[in-house]
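Read through the structure below, which is laid out as structure tokens, and then see the notes.
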Amino acid sequence: MRHRIAVVGSGPGGLTFARVLHRHGCPVTVLERDPTPDARPPGGTLDLHEGLGQTALDKAGLLTEFQALSRPEGQAMRVLAPDGTVLRDWRPGPDERANPEIDRGQLRDLLLGPLDVRWGRKVTRVEPGTPEGAVVHFADGRQEAFDLVVGADGAWSRTRAAVSPATPHYTGVTCLESSVDDVDTRHPELARLVGDGSVAVHGMNRGLVAQRNSGGHVKVYAQFRAPLDWHTDLDLTDVEAVRSSLLTLFDGWASPVLDLLAPATAFLHRPLYVLPAAHTWPHVPGVTLLGDAAHLMPPLGVGANLAMLEGAELAEALAGGSDPDEAVRAFEERMWARAGRWAEMTAAGLERLVSPDPAGALALFDEVQPS
């Protein structure tokens, strides 16, 4: 296969697509807006599921390396009441590897491997159907034509407009993310609270979640329902003002729980957006989407897994020698059906996790991870 193929975006889905093509000896161009791999913090940790992300890594020939890097102990999950009462404390068995955790940065480096990524290539739009093929337009004025452009460029995809007018809409749930470094040495009491995996505390229309990453790093997420402009009178760069606002929001919660907010030196505002659960588009020769660009859904542990599996499946279909356009058509039909089901489930899950009735969050935990 010597078709000109480009993937926009070097997230898990785009890199998995490129890595599987590379494994099959097929050339692919990876276009990434960031100037270097380390231009931005890579984000938190991901749990890669059997049958989804782990299957994708197997197709890329990277499952053994993943198993060496991943943290099976990170599957542990503790649920507390706002008063600090432990409601659930689930820990994985010694051979449990259904959803082991891996830091996003480690996964990125694993997938990058031998790939040749064009860093600093910010895509502004993709123009399908030209005599040269699908033309990618860059912010610096350059352009380049390909036989197939795969948009794996996330929630605010610049590729999406070539196939669909859909744009993400706000869920009504927002999130403030902070970090705790060197938790075991500097904050041993928080380390015990979080344990080897995650701790979640759910109240009325709000919650606190903390998740251990590798190297003694913990991510903390304050989630709550609010209008999109809830912070109009709050300077989000003023750490103490944001912390004070959160302590007011979580007033009455136990001190050990609220102590998760104490070490923060910055808060990142992350309102949660989604695409319609049934997002599809008329097939456009030369352009397709995968991952968040195609089916942005609430961040409940599925999005990256789906993106990786989709990237692997599309790459295998293209490497198989069949007509590329027919391979893309068949891929889109499979992706839409599967992603639509997951989008509905995660939307329902978010409604239960951040709801007026905290008992719904606990019931959801019991359904997903029964004791």
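The values are calculated or read from the model by the stated rules, or taken from the named source; none is laboratory data. The shown structure was predicted, so the numbers you read here are calculated from the model rather than taken from an experiment. Cβ sites come from the backbone with ideal geometry, for glycine too, and all protein chains shown count toward neighbours. For accessibility, only protein heavy atoms count, side chains too; no ligands or nucleic acids. Shrake-Rupley method; radii C 1.70, N 1.55, O 1.52, S 1.80 Å.
Measuring from a point 7 Å past the Cα of Val86 along Cα-to-C-beta, which residues in segment 190-208 have an amide N at less than 12 Å? Backbone N within reach: 192-196. Bridges between two residues of the chain, per DSSP, are antiparallel at a rate of about 75%.
Of the residues Leu362, Ser255, Gln211, the one whose Cα sits farthest towards the positive end of the charge dipole of the chain is Gln211 (charges of +1 on Lys and Arg Cβ, -1 on Asp and Glu Cβ, taken about the Cα centre).
With a Cα-only, solvent-free Debye model of segment 42-163, what are the log10 I(q)/I(0) values at q = 0.10 Å⁻¹? Normalising to I(0) and taking log10 leaves -0.52. Approximating the spin labels as points 7 Å out from Cα along Cα→Cβ, the Glu132-to-Thr185 distance works out to 5.4 nm. For Leu234 and Arg2, a Förster radius of 41 Å and the Cβ-Cβ distance give a FRET efficiency of 0.15, rounded to the nearest 0.05. A dipole drawn for the chain from +1 and -1 charges on Cβ atoms has a positive end, and of Val183, Met308, Ala347 the residue lying farthest that way is Met308.
With the simple spin-label model, which puts each label point 7 Å out from Cα in the Cβ direction, the Asp323 to Glu351 separation comes to 4.1 nm. Accessible-area rank, largest first, for Met308, Met77: Met77, Met308, with all protein chains present and a 1.4 angstrom probe. Rounded to the nearest 20, the size of the Cβ-charge dipole of the chain about its Cα centre is 460 debye, with Lys and Arg at +1 and Asp and Glu at -1. Across the chain, the longest piece that holds none of the trypsin sites (Lys or Arg not before Pro) lying in DSSP loops with up to 12 other C-beta atoms within 10 Å covers 143-371. Full extension of the chain between His24 and Ala166 gives 47.8 nm of extra length, using 0.36 nm per residue less the Cα-Cα distance. Dipole size of segment 93-187 about its Cα centre, with +1 on Lys/Arg Cβ and -1 on Asp/Glu Cβ: approximately 520 debye, rounded to the nearest 20.
Which percent of the accessible area of the chain is formed by carbon and sulfur heavy atoms (probe 1.4 angstrom)?
51 percent
Shape call for the chain from the C-alpha gyration tensor, a ≥ b ≥ c root eigenvalues: rounded (a/c under 1.5), prolate (a/b greater than b/c) or oblate? It comes out prolate by the Cα gyration axes. Here the gap between Met204 and Asp147, fully extended at 0.36 nm per residue and compared with their Cα-Cα distance, gives a gain of 15.4 nm. Using R0 = 25 Å, the C-beta based FRET efficiency linking Asp140 and Ala278 works out to 0.10.
Using a probe of 1.4 angstrom and keeping all protein chains present, the accessible surface of segment 90-193 works out to 48 square angstrom per residue.
Secondary structure note: in segment 140-298, about 90% of the DSSP beta bridges are antiparallel. Among Gly14, Val30, Thr64, pick out the residue whose Cα is farthest towards the positive end of the charge dipole of the chain, where Lys and Arg carry +1 and Asp and Glu carry -1 on C-beta, about the Cα centre. Farthest along the dipole direction, towards plus: Val30. Summary of the geometry: segment 195-260 and segment 261-294, compared by the centres of their Cα atoms, lie 22 Å apart.
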